[in-house]
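The values are calculated or read from the model by the stated rules, or taken from the named source; none is laboratory data. What you see is a predicted model, and the numbers here were worked out from it, not measured in a lab. Positions of Cβ are backbone-derived with ideal geometry, glycine not excepted, and every protein chain shown enters the neighbour counts. Keep in mind that these areas ignore ligands, DNA and RNA; they rest on the heavy atoms of the full protein, side chains included. Shrake-Rupley method; radii C 1.70, N 1.55, O 1.52, S 1.80 Å.
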Amino acid sequence: MIEKLKINKEFRRVYGRGKSHVSPFVVSYVMRQKGENVRLGITVSKKIGSAVVRNRAKRIITAAVRECLPHINCGCDIVLVARTRIVNVKSYDVAAVLKTHLMALNMWQEN
């Protein structure tokens, strides 16, 4: 199950201490934590578009994380910042990018 990051202090902690990776669709900040829970925070700026477009971007990111969730081998906090190109992609494209980011951090486990 995915828990949500909601408090600004938690977002700032992940921005400051987490490892970041950049792709054309998202910027991901990942920080390991104790326990088995994966906590997710999503940030979508008004530069992306109207509320409808921003909500679609959030749904795409959430679906991509759900697809990757069984392969994450430890507890972590993930903050994903949407970029303007996310409007034109599907969730499996974002999932592939997230997989490469997690593999670079040795947090990806093939089942």
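Considering the conditions (1) within 15 Å of the chain's Cα centre (by Cα); (2) assigned to a helix (DSSP H, G or I), residue 87 is excluded by exactly one of them, (1). Out of the range 17-53, which residues are in a helix (DSSP H, G or I) and more than 22 Å from residue 108 (Cα to Cα)? Matches in the range 17-53: 51, 52, 53.
When 60, 78 are screened for being open to solvent by less than 40 Å² (accessible area, probe 1.4 Å), in contact with a Phe, Trp or Tyr (Cβ under 9 Å, 6 or more places away or on another chain) and part of a helix (DSSP H, G or I), only 60 passes.
Just to be sure, is residue 107 surrounded by fewer than 21 Cβ atoms within 10 Å (Cβ to Cβ) and in contact with a Cys (Cβ under 8 Å, 6 or more places away or on another chain)? For residue 107, the condition - surrounded by fewer than 21 Cβ atoms within 10 Å (Cβ to Cβ) and in contact with a Cys (Cβ under 8 Å, 6 or more places away or on another chain) - is met.
Of the residues 65, 14, the single one that is open to solvent by less than 80 Å² (accessible area, probe 1.4 Å) and touching a Gly at 6+ places or on another chain (Cβ under 9 Å) is 14. Please verify whether the range 36-51 includes one or more residues that are closer than 19 Å to residue 1 by Cβ and surrounded by fewer than 18 Cβ atoms within 10 Å (Cβ to Cβ). Yes: the range 36-51 contains one or more residues that are closer than 19 Å to residue 1 by Cβ and surrounded by fewer than 18 Cβ atoms within 10 Å (Cβ to Cβ).
Yes or no, residue by residue, for (1) among the aromatic types (Phe, Trp, Tyr); (2) out of contact with any helix residue (DSSP H, G or I) (no Cβ under 6 Å at 6 or more places or on another chain):
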| site | (1), (2) |
| --- | --- |
| 1 | no, yes |
| 14 | no, yes |
| 21 | no, no |
| 25 | yes, no |
| 31 | no, no |
| 39 | no, yes |
| 59 | no, yes |
| 75 | no, yes |
| 80 | no, no |
